[in-house]
1. Could you please let me know if T161 is in the same structural domain as K55 (by TED's automatic domain parsing) and in contact (Cβ under 8 Å) with a residue 60 or more places away in the chain?
2. Taking region 468-500 as the search range and keeping residues that are more than 9 Å from the ligand (Cβ to nearest atom) and among the polar types (S, T, N, Q), which one is nearest to E520 (Cα to Cα)?
3. Do we find that L69 is out of contact with any Pro (no Cβ under 8 Å at 6 or more places or on another chain), over 30 Å from A93 (Cα atoms), crowded, with 19+ Cβ neighbours inside 10 Å and at pLDDT 95 or above in this structure?
4. Name the residues in region 586-630 that are farther than 21 Å from E554 by Cβ, surrounded by 14 or more Cβ atoms within 10 Å (Cβ to Cβ) and at pLDDT 90 or above, would you?
5. Specify which of the listed residues (I376, I407, I430) is at pLDDT below 95, closer than 22 Å to M490 by Cβ and within 15 Å of the ligand (Cβ to nearest atom).
6. Could you look through region 433-448, keep only residues that are at positive phi and modelled with pLDDT of 95 or more, and pick out the one that is farthest from the ligand (Cβ to nearest atom)?
7. Restricting the search to region 405-460, which residues are under 26 Å from R282 (Cα atoms) and of a type in the set (D, E, K, R)?
8. For region 186-216, give me each residue that is buried (at least 17 other Cβ atoms within 10 Å of the Cβ) and not in a helix (DSSP H, G or I).
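The values are calculated or read from the model by the stated rules, or taken from the named source; none is laboratory data. Everything numeric here is computed off the predicted structure, so don't read it as measured data. Neighbour counts are summed over all protein chains in view; Cβ atoms, including those assigned to glycine, are modelled from backbone coordinates with ideal geometry.
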Amino acid sequence: MSNYHIKHLEEYFQVYRKSVRDPERFWEEVAEEHFVWRKRWSNVLSWDFAKPEVKWFEGAELNITENCLDRHLRTHGEQTAILFEPNSPDEEAQHITYNALFEKVNKMANVLKAQGIEKGDRVCIYLPMIPELAIALLACARIGAVHSVVFAGFSAKALATRINDASCKMVITSDGSYRGAKTLDLKAIVDEALLSCETIEKVLLVERTKNKVTLKEGRDLWIQPLLDEADGFCEAVSMNAEDPLFILYTSGSTGKPKGMVHTTGGYMVYTAYTFKNIFQYREGDIYWCTADIGWITGHSYIVYGPLANGGTTVMFEGVPSYPDFSRFWEIVEKHKITHLYTAPTAIRALAKENIEYVEKCDLSSLKVLGSVGEPINEEAWHWYNDNVGKNKSPIVDTWWQTETGGIMISPIPFVTPTKPTYATLPFIGIQPALMDENAQELKGNQVEGRLCIKYPWPSMARTIWGDHDRYRDTYFSAYANMYFTGDGAMRDEVGYYRITGRVDDVIIVSGHNLGTAPIEDAINEHQAVAESAIVGFPHEVKGNALYGYVILKEYGESRNFDNLKKEINQQIADKIGPIAKLDKIQFVPGLPKTRSGKIMRRILRKIASKDTSNLGDTSTLLNPEVVKEIMDNAL
Ligand code: 6R9
């Protein structure tokens with residue numbers, strides 16, 4: 001098992017040096033030793049960040065589901081692959097073994113085929129966190145269809161935009177979704193979305209909540225009767241290593257979401273390798289990542305990474321607060337969870353509640369804790385470490401992105417000494433760089449700049465679906481020959497990295513990336529609104545919350561501003577989803593602008609954060625009087 005499971009710091013440094021000295025050789029060895037390929041590659045890596053074009057394991061053929069399922073049947077057939085914990089603690093958990101999962105995936109793959117899905121077709125998956133979600137991903141992968149999962153909290157409009165962008169042929173959804181005490185009517189949202197989607201031929205429906213649904217003749221089908229009839233084996237389609245595996249949308253600085261395209265071979269190798277090392281996952285461990293599969297964390301570290309390693313991965317349907325704030329800790333106790341991978345926003349929300357909720361549960365099974373999605377603040381880090389990890393389970397603060405496919409900067413537990421709020425060291429094979437304003441690389445330690453990556457890694461996204469120019473412009477044009485992450489970071493005196501946050505127009509609210517542009521577009525569509533600007537401000541649970549400055553077409557005394565605020569938020573919920581609602585809305589007579597017409601968001605951010613003692617350079621402001629007016633009436 002050379003290089004596959006790193007066990008001490010010296011070994012990390014050795015393997016790291018090897019991985020950057022000869023990345024091709026290094027990843028070739030990993031690929032060779034730990035995966036099943038149908039045909040070997042002719043070339044490990046070819047790349048050109050100027051085009052940009054990156055290809056790993058060119059010429060190789062494989063099917064990722066043979067690596068995630070088939071090869072484990074002989075050795076791990078009766079081991080639990082997916083442990084499903086339902087929304088309600090009164091409903092029994094399901095232990096789906098590798099044998100059972102194999103059969104379910106094969107059946108669903110046969111159903112997809114019978115319903116006209118072929119290799120290369122795009123299938124939109126809009127499901128709650130139930131086993132069928134993971135099964136649907138794998139069923140697509142089995143037949144070479146490209147899955148595009150849309151988080152089931154997105155609105156009908158957001159869903160339609162994503163379906164249309166990728167010209168999806170099918171939607172897989174459910175009658176409804178349980179979220180704590182609430183039930184969401186997913187099918188109704190899909191029906192509304194499909195009014196503006198022309199490419200969808202079939203809708204497959206999973207029964208979950210028994211909500212009343214209307215079926216459209218010739219389009220909508222319940223999936224269960226089809227599964228009952230389907231054969232339990234479906235020949236896996238041979239995929240080229242560079243064939244797309246999935247599309248996953250992320251926010252950008254324009255209104256249109258970016259459909260990040262991940263390919264098959266490199267993604268598999270990197271997610272599996274990082275999973276094994278960054279969680280130090282061992283035989284028999286019960287690993288739980290609390291993310292939703294609608295986000296990249298769920299794709300890579302609920303589905304593909306754990307299953308490629310023959311692990312047991314927990315899927316939780318519910319929320320941390322239902323039926324009460326003990327839910328997470330009760331799940332840890334009930335299933336003897338060994339690995340808990342969650343987000344700072346969840347930690348902060350739970351830390352606010354009575355400590356009894358944590359203390360009454362037996363958390364002694366835990367070995368490793370993880371954090372992802374946004375910078376973890378010092379207080380949350382200590383609370384997690386002291387109360388959940390009891391000072392014995394290392395916290396892996398893992399920095400990465402939808403675009404990177406897998407974890408990029410992170411401690412390795414029991415190997416890298418941790419430091420609160422630091423993601424610490426680059427993972428094996430990852431070559432970060434910090435850049436200054438003049439696009440020069442900052443060498444040495446104790447520096448702060450913009451975080452870039454200098455060399456390709458196997459799981460990087462290869463393009464933006466249908467818009468390669470935007471891919472180049474967003475990630476490869478700021479700095480020559482580098483991938484630009486959009487994040488700022490500092491490197492301390494020993495070379496540890498601390499991510500300081502986004503440096504672009506993306507705001508991370510409760511771990512969700514929100515672009516300011518799509519929210520502003522949604523607000524501006526309200527008939528009373530002339531213009532708007534959104535900024536983030538610190539929030540004790542969400543990390544950041546949204547503050548909107550809105551210019552009305554008429555600023556009359558007679559308006560009912562409270563109603564207007566509600567309407568604006570409703571508009572946002574309809575166009576994007578409730579996660580993008582504003583915490584504060586201030587009606588303003590104008591926005592601070594530069595002479596060239598750009599909104600000076602820096603000033604708006606300072607006002608929203610109540611940090612107005614020094615507004616910085618305001619000499620290029622066209623309308624300084626507006627700033628004073630906004631400050632006087634700030635919320
Ligand atoms: C995996 C994921 C990516 C953005 C990323 C950064 C922030 C993620 C972080 C972190 C500080 C961490 N981020 N992990 N910031 N420390 N450990 O979250 O992907 O949803 O695409 O978000 O999240 O700003 O650029 P994605």
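1. For T161, the condition - in the same structural domain as K55 (by TED's automatic domain parsing) and in contact (Cβ under 8 Å) with a residue 60 or more places away in the chain - is met.
2. Only one residue tops the list, namely T474.
3. no
4. P592, I603, L604, R605, K606, I607, A608, S609, V627
5. After ruling out the rest, the residue left standing is I376.
6. G444
7. Selection gives K419 alone.
8. Once the filter is applied, which keeps residues that are buried (at least 17 other Cβ atoms within 10 Å of the Cβ) and not in a helix (DSSP H, G or I), region 186-216 yields C197, I200, K202, V203, L204, L205, V206, R208, T209, V213.
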